[in-house]
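Chemist: One structure coming up, written as structure tokens, with questions to follow.
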Amino acid sequence: MSEASTNATATAAPKSYLDDGSTIRSWLLTIDHKRIAILYLISITIFFALGAFAAAAFRLELLTPQGDFLSAETYNKFFTMHGIVMIFFFLLPSIPAVMGNFLIPIMIGAKDMAFPRLNLLSWYVFMAGAGLAISAIIAGGVDTGWTFYTPYSSMYANSHVILAVTGAFIAGFSSIMTGLNIIVTVQKMRAPGLTWFRLPLFVWSMYATSLVVLLGTPVVAISLAMIFVERFLGFGIFDPALGGDPVLFQHIFWFYSHPAVYIMILPSMGVISEVIACFSRRRVYGYTFVAFSSLAIAVIGFFVWGHHMFVSGQSAYAGVIFSFLTFFVAIPTAIKIINWIMTMHKGSISFDAPMLYAFGFLGLFLVGGLTGLFLSTMATDVHLHDTYFVVSHFHYVMVGGGVMGFFAALHYWWPKMMGRMYPEGWAKFAAIVIFIGFNLTFLPQFQMGYHGMPRRYHAYAPEFQIMHVMSTAGASVMGAGYLTMFSYLIWSLFKGKKASANPWDSRGLEWETACPPPTHNFLETPVVTQDAYSFDLPSVTCVLEKKDKPEEHRV
Amino acid sequence: MSSASQANEHVAHHFESAEQQRQSAQLGMWAFLVTEVMFFSGLFAAYIIYRSLYPEAWTVGSHMLSIGLGGFNTIILLCSSLTMALAVHAAQTDKRGASARWIILTIVLGLAFLGVKMVEYSAKIEHHLVPGAHFHLDPAQELANLQAAGVQVGDHLRHAMETVNTAHVQLFFSLYFAITGLHALHMIIGIGVMIWLLKTTIEGRYSSAYINPVEVSGLYWHFVDIVWIFLFPLLYLVGRH
């Protein structure tokens, strides 16, 4: 891909970013975007475990129709904890703050993000927000659900709403800092020759994501701040007794929180573009369409929030418009899916773990997207609103889409980040186990929801028990898959095979430097002459590696 | 070339040139200001909706605010934008002393704004206009007071005073305190930034070759001013007629 950046093997290997200082201080005060990404990776892994623990607790409760394991209040606190932790402290930062942080400067041939100290600050702010949210959990929990709906959250809830709201508020600023950094970095720091239409699609989708972060996050921040003043200072912005409108909170909240779904899914879409191209050995079909569909999703995503309020007393005419616009988002999404399928068509496909996760993404996200159409249709939404159908729908999107994309990214770039290969056999095994477990967990929930099982209840009618048991069994299988993945990834850090600079024989700029990269990514600024998908041409790194050690160029 | 070498020592390791660094700083601040606009927009949305629902509460509420103090504060902030712009210009033309003096004046004006704001707030507290358990408003009494003070009460205001639901006025004051409080918080942060800017200016960190922090702090200061330029008419003026 580049002419000048043939440093990895051509010259004496420079110190990798992992070896550049080993003290705690060198990690906690680092301004290297790669180390900050690792800090984020460790943090979100802990939060993922915490959120999964909460899910395990309420899935256990749901084994029987009666409330026997958790009381109603405790149950409410557990699903709230699951939502808050998984959304604010795992999904939102997962790909942007870990993969985006690590990869964007390398993919565009820069030495670092535009604002390295802001980048480090974002991690501290994130941890401060997380600390507050966790202290809310330790102090006794929050029972409002992650959506903090008023007037319950502002007037009636008897739990630690202020702590949790402040935590989410502060964490929002961390994602703004990351988003701002990404926008400026992509705009201003691209290497010579790297035009917009030579950018990897991952960078395009991260750019679109960051636009959503910048425009949306402040709005949810102010909605949370309004809850704060209402609870803490006794102001009454949403208080019906003063003529305030609790539904206004829902409007302001979903103005961010629906686009937030795209903050979780757009980065995954970027990952899938990279992975499918690499493992099909083909240039992404319709590159410009895929790139612009990311921007289209980001823009249209801001005009669909009202579909969360079809039954909240919103005007039916507003509902019609929101319904139409929601259908409209399906178009850029379908463009992406069809282009990915066309990319694979006649490609030479290999089935390594990242590609398995990409397949998982395609299938699960498709189900998530198509079931969304039932919910954006006003007539069917009246029946399905606040049932398990909704729960299942957004898990297919956020886990089936967001998390599968994150796992694809984690495996695909693991050698780049850690310098070691993960064990391929175990990885394939875990990918399949997670896929099976996921479907076993959430397919029955569509059925339950369609038959009227409401969400957020700890006790339920006995006829739903068989499906709840299937769901809990599936969650256990999925949990086993996660644990397997966690174990072999930790194992691979110490015992994994050393990775060559370009183990997948990719063409992106990030593979033109060593695995793991040196602190400043490239020894000299690369000059880019092609896009990231020139699989018809040999990669510069591979040619060099073949000269050195012919048998090792493809692991 | 001394200016070139000066420029180079200010270019952080990850930038290729001073120009790239400058453009990044500017774009970063503009992007941040976009998030700030969105941050205030949630409150403005609430303002628009409640004002259209309860126009008479807005009439009564804005009559309870002091146009004199609000107008005085508007002038103060406009002046502070001028001094800020002059501080940036002085820094651009290598006049370090002048730049420091303009920054000091900006700080003084900012503090004056906050002082006036405190006077306004304490008057509201005294008159039990802070939303919550202690909120108290008797429109009939207010009307009588106005007439006793010899104020010409128009039909518009009289009608509003006679028909208003005081709970809605409380909503007005909830938004008044939330929006102006958030703005005051931005002013406090701005003054903090100015103090840091003053310290670094006196230390001689900026010259025509490197003034990014001065420029972007200036952008932030102007933004906070502009928010007030919207707040003043929305809260103090439009409800009166």
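The values are calculated or read from the model by the stated rules, or taken from the named source; none is laboratory data. This structure is a prediction, so every number in the text was calculated from the model and none was measured. Neighbour counts run over all protein chains shown; Cβ positions are idealised from the backbone, glycine included.
Chemist: Any residue at all in segment A:327-340 that is under 30 Å from A:P246 (Cβ atoms) and buried (at least 21 other Cβ atoms within 10 Å of the Cβ)?
Modeler: First, the residues of segment A:327-340 that are under 30 Å from A:P246 (Cβ atoms): A:327-329.
Keeping just the survivors that are buried (at least 21 other Cβ atoms within 10 Å of the Cβ) gives A:329.
Yes: segment A:327-340 contains one or more residues that are under 30 Å from A:P246 (Cβ atoms) and buried (at least 21 other Cβ atoms within 10 Å of the Cβ).
Chemist: Next question. Give me the pairs: first residue in segment B:25-52 and more than 7 Å from every other protein chain (Cβ to nearest Cβ) and under 17 Å from A:V212 (Cβ atoms), second residue β-branched (V, I, T) and buried (at least 18 other Cβ atoms within 10 Å of the Cβ), beta-carbon distance under 7 Å, and six or more apart or on different chains, which are they?
Modeler: Correct list of pairs: empty, since none qualify.
Chemist: From the list A:G193, A:G172, pick out the single residue that is over 30 Å from B:H128 (Cβ atoms) and outside any helix (DSSP H, G or I). Can you show your working first?
Modeler: Numbers: A:G172 fails: outside any helix (DSSP H, G or I).
Just a single option satisfies the conditions, and that option is A:G193.
Chemist: Tell me the residue from B:R101, B:R22, B:R96, B:R51 that is among the basic types (K, R) and more than 30 Å from B:E9 (Cα to Cα), please. Before you say what the answer is, go through the steps one by one.
Modeler: Numbers: B:R101 fails: more than 30 Å from B:E9 (Cα to Cα); B:R22 fails: more than 30 Å from B:E9 (Cα to Cα); B:R96 fails: more than 30 Å from B:E9 (Cα to Cα).
Sole residue among the options that is among the basic types (K, R) and more than 30 Å from B:E9 (Cα to Cα): B:R51.
Chemist: So, one more: Taking the criterion of being closer than 20 Å to B:L175 by Cβ, within 14 Å of chain A (Cβ to nearest Cβ) and assigned to a helix (DSSP H, G or I), would at least one residue in segment B:101-122 satisfy it?
Modeler: Within segment B:101-122 (the criterion being closer than 20 Å to B:L175 by Cβ, within 14 Å of chain A (Cβ to nearest Cβ) and assigned to a helix (DSSP H, G or I)), the answer is yes, since at least one residue qualifies.
Chemist: Right, next: Is there a residue in segment A:197-215 that is over 20 Å from A:V271 (Cα atoms), facing chain B (nearest Cβ under 9 Å) and within 21 Å of the chain's Cα centre (by Cα)? It would help to see each step written out before you state the result.
Modeler: Restricting attention to segment A:197-215, the residues satisfying the condition of being over 20 Å from A:V271 (Cα atoms) are A:214-215.
With facing chain B (nearest Cβ under 9 Å) added as a condition, the list becomes A:214-215.
Those left that are additionally within 21 Å of the chain's Cα centre (by Cα): A:214-215.
Yes, some residue in segment A:197-215 is over 20 Å from A:V271 (Cα atoms), facing chain B (nearest Cβ under 9 Å) and within 21 Å of the chain's Cα centre (by Cα).
Chemist: Checking the conditions here, which among A:S122, A:S43, A:S26 is over 20 Å from A:T441 (Cα atoms), among the polar types (S, T, N, Q) and modelled with pLDDT under 95? Steps first, please.
Modeler: Values: A:S122 fails: modelled with pLDDT under 95; A:S43 fails: modelled with pLDDT under 95.
Every option except A:S26 fails the conditions.
Chemist: Which of the residues spanning segment A:478-511 are in contact with a helix residue (DSSP H, G or I) (Cβ under 7 Å, 6 or more places away or on another chain), of a type outside the set (D, E), more than 16 Å from A:A353 (Cβ to Cβ) and assigned to a helix (DSSP H, G or I)?
Modeler: A:M478, A:G479, A:A480, A:L493, A:L509, A:W511
Chemist: Another one. Residue check, A:F235 against (1) free of Cβ contacts under 8 Å to residues at least 12 places away in the same chain; (2) assigned to a helix (DSSP H, G or I); (3) hydrophobic (A, V, I, L, M, F, W, C), all met but one. Which one?
Modeler: So the condition that A:F235 fails would be (2).
Chemist: Now a separate question. Within segment A:436-454, is even one residue at positive phi and touching a residue at least 40 places away in the same chain (Cβ under 8 Å)? Outline the logic, then answer.
Modeler: First, the residues of segment A:436-454 that are at positive phi: A:452.
Checking the rest, the ones that are also touching a residue at least 40 places away in the same chain (Cβ under 8 Å) come to A:452.
Yes, there is a match, as at least one residue in segment A:436-454 is at positive phi and touching a residue at least 40 places away in the same chain (Cβ under 8 Å).
Chemist: Quick test for you: out of A:S205, A:S154, pick the one residue that is hydroxyl-bearing (S, T, Y) and within 23 Å of A:I297 (Cβ to Cβ). Steps first, answer last, please.
Modeler: On the way: A:S154 fails: within 23 Å of A:I297 (Cβ to Cβ).
When all the criteria are applied, what remains is A:S205.
Chemist: Would you point out which residue out of B:R158, B:R205, B:R240 is among the basic types (K, R), without any contact (Cβ under 8 Å) to a residue 12 or more places away in the chain and more than 14 Å from chain A (Cβ to nearest Cβ)? Reasoning before the result, please.
Modeler: Working: B:R158 fails: without any contact (Cβ under 8 Å) to a residue 12 or more places away in the chain; B:R240 fails: without any contact (Cβ under 8 Å) to a residue 12 or more places away in the chain.
Going through B:R158, B:R205, B:R240 in turn, just one is among the basic types (K, R), without any contact (Cβ under 8 Å) to a residue 12 or more places away in the chain and more than 14 Å from chain A (Cβ to nearest Cβ): B:R205.
Chemist: Return yes when A:F253 is surrounded by fewer than 20 Cβ atoms within 10 Å (Cβ to Cβ) and under 25 Å from the mean Cα position of the chain (by Cα) and no when it is not. Write out each step before concluding.
Modeler: On the way: surrounded by fewer than 20 Cβ atoms within 10 Å (Cβ to Cβ): no; under 25 Å from the mean Cα position of the chain (by Cα): yes.
So A:F253 fails the test.
Chemist: Mind checking whether some residue in segment A:282-290 is more than 14 Å from chain B (Cβ to nearest Cβ), of a type in the set (G, A, S) and in contact with a helix residue (DSSP H, G or I) (Cβ under 6 Å, 6 or more places away or on another chain)?
Modeler: Filtering segment A:282-290 for residues more than 14 Å from chain B (Cβ to nearest Cβ) gives A:282-290.
Restricting the remaining residues to those that are of a type in the set (G, A, S) gives A:286.
Checking which are in contact with a helix residue (DSSP H, G or I) (Cβ under 6 Å, 6 or more places away or on another chain) leaves us with A:286.
Checked against the condition, which is being more than 14 Å from chain B (Cβ to nearest Cβ), of a type in the set (G, A, S) and in contact with a helix residue (DSSP H, G or I) (Cβ under 6 Å, 6 or more places away or on another chain), segment A:282-290 yields at least one hit.
Chemist: I'm checking my understanding of the structure. Among residues of segment A:512-554 that are in a helix (DSSP H, G or I) and under 21 Å from A:K111 (Cα atoms), which one is modelled with the lowest pLDDT?
Modeler: A:T541
Chemist: With the structure loaded, tell me whether B:F172 is among the aromatic types (F, W, Y) and surrounded by fewer than 20 Cβ atoms within 10 Å (Cβ to Cβ) or whether it fails that test. Outline the logic, then answer.
Modeler: Numbers: among the aromatic types (F, W, Y): yes; surrounded by fewer than 20 Cβ atoms within 10 Å (Cβ to Cβ): no.
No, not satisfied.
Chemist: Hey, among A:V125, A:V186, which residue is more than 13 Å from chain B (Cβ to nearest Cβ), out of contact with any strand residue (DSSP E or B) (no Cβ under 9 Å at 6 or more places or on another chain) and either hydroxyl-bearing (S, T, Y) or part of a helix (DSSP H, G or I) (or both)? Give the derivation first.
Modeler: Working: A:V186 fails: more than 13 Å from chain B (Cβ to nearest Cβ).
Step by step, each of A:V125, A:V186 is checked, and only A:V125 is more than 13 Å from chain B (Cβ to nearest Cβ), out of contact with any strand residue (DSSP E or B) (no Cβ under 9 Å at 6 or more places or on another chain) and either hydroxyl-bearing (S, T, Y) or part of a helix (DSSP H, G or I) (or both).
Chemist: Same structure again: What's the total number of residues in segment B:1-19 that are modelled with pLDDT of 85 or more, in a helix (DSSP H, G or I) and crowded, with 16+ Cβ neighbours inside 10 Å?
Modeler: Residues meeting the conditions: 1.
Chemist: Let me ask something additional. Consider segment B:137-150. How many of its residues are away from chain A (no Cβ under 14 Å) and either of a type in the set (D, E, K, R) or surrounded by 12 or more Cβ atoms within 10 Å (Cβ to Cβ) (or both)?
Modeler: Filtering segment B:137-150 for residues away from chain A (no Cβ under 14 Å) gives B:138-150.
Applying the additional criterion that residues be either of a type in the set (D, E, K, R) or surrounded by 12 or more Cβ atoms within 10 Å (Cβ to Cβ) (or both) yields B:138-139, B:142-144, B:146-147.
Of the residues in that region, 7 qualify.
Chemist: So A:S273 ticks every box in (1) surrounded by 23 or more Cβ atoms within 10 Å (Cβ to Cβ); (2) outside any helix (DSSP H, G or I); (3) touching a Phe, Trp or Tyr at 6+ places or on another chain (Cβ under 7 Å) but one. Which box is left unticked?
Modeler: Going through the list (1) surrounded by 23 or more Cβ atoms within 10 Å (Cβ to Cβ); (2) outside any helix (DSSP H, G or I); (3) touching a Phe, Trp or Tyr at 6+ places or on another chain (Cβ under 7 Å), A:S273 breaks only (2).
Chemist: On the basis of being away from chain B (no Cβ under 13 Å), crowded, with 22+ Cβ neighbours inside 10 Å, part of a helix (DSSP H, G or I) and in contact (Cβ under 8 Å) with a residue 12 or more places away in the chain, does A:A136 make the cut? Let's see the steps before the verdict.
Modeler: Details: away from chain B (no Cβ under 13 Å): yes; crowded, with 22+ Cβ neighbours inside 10 Å: yes; part of a helix (DSSP H, G or I): yes; in contact (Cβ under 8 Å) with a residue 12 or more places away in the chain: yes.
Judged against the criteria, A:A136 is a match.
Chemist: Kindly establish whether A:G131 is touching a residue at least 12 places away in the same chain (Cβ under 8 Å), surrounded by fewer than 24 Cβ atoms within 10 Å (Cβ to Cβ), outside any helix (DSSP H, G or I) and not acidic (D, E). First the steps, then the outcome.
Modeler: Values: touching a residue at least 12 places away in the same chain (Cβ under 8 Å): yes; surrounded by fewer than 24 Cβ atoms within 10 Å (Cβ to Cβ): yes; outside any helix (DSSP H, G or I): no; not acidic (D, E): yes.
Considered against the rule, which asks whether it is touching a residue at least 12 places away in the same chain (Cβ under 8 Å), surrounded by fewer than 24 Cβ atoms within 10 Å (Cβ to Cβ), outside any helix (DSSP H, G or I) and not acidic (D, E), A:G131 comes out as no.
Conditions (1) under 18 Å from the mean Cα position of the chain (by Cα); (2) within 14 Å of chain B (Cβ to nearest Cβ); (3) crowded, with 22+ Cβ neighbours inside 10 Å, marked per residue:
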site: A:F48; (1), (2), (3): yes, no, no
site: A:F89; (1), (2), (3): yes, no, yes
site: A:N101; (1), (2), (3): yes, yes, yes
site: A:A114; (1), (2), (3): no, yes, yes
site: A:L121; (1), (2), (3): no, yes, no
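Chemist: Still on this model: When you go through (1) in contact (Cβ under 8 Å) with a residue 12 or more places away in the chain; (2) within 14 Å of another protein chain (Cβ to nearest Cβ); (3) surrounded by fewer than 20 Cβ atoms within 10 Å (Cβ to Cβ); (4) more than 19 Å from the chain's Cα centre (by Cα) one by one for B:V164, which number turns out not to apply?
Modeler: If we test B:V164 against (1) in contact (Cβ under 8 Å) with a residue 12 or more places away in the chain; (2) within 14 Å of another protein chain (Cβ to nearest Cβ); (3) surrounded by fewer than 20 Cβ atoms within 10 Å (Cβ to Cβ); (4) more than 19 Å from the chain's Cα centre (by Cα), just (3) comes out false.
Chemist: Sort out which residues of segment A:278-294 are in a helix (DSSP H, G or I) and surrounded by 17 or more Cβ atoms within 10 Å (Cβ to Cβ), and write them in order of number. Lay out the reasoning, then the answer.
Modeler: In the first step, residues of segment A:278-294 are kept if they are in a helix (DSSP H, G or I); the result is A:278-280, A:287-294.
Passing the criteria: A:C278, A:F279, A:S280, A:Y287, A:V290, A:A291, A:S293, A:S294.
Chemist: Okay, next question. Filter segment A:219-235 down to residues that are crowded, with 24+ Cβ neighbours inside 10 Å and not aliphatic (A, V, I, L, M) and give me whichever is farthest from the other protein chains (Cβ to nearest Cβ).
Modeler: Per the criteria, the residue is A:E230.
Chemist: Also: When the residues of segment A:238-247 are narrowed to those that are within 7 Å of chain B (Cβ to nearest Cβ) and either at positive phi or in a helix (DSSP H, G or I) (or both), which ends up surrounded by the most Cβ atoms within 10 Å (Cβ to Cβ)?
Modeler: A:L242
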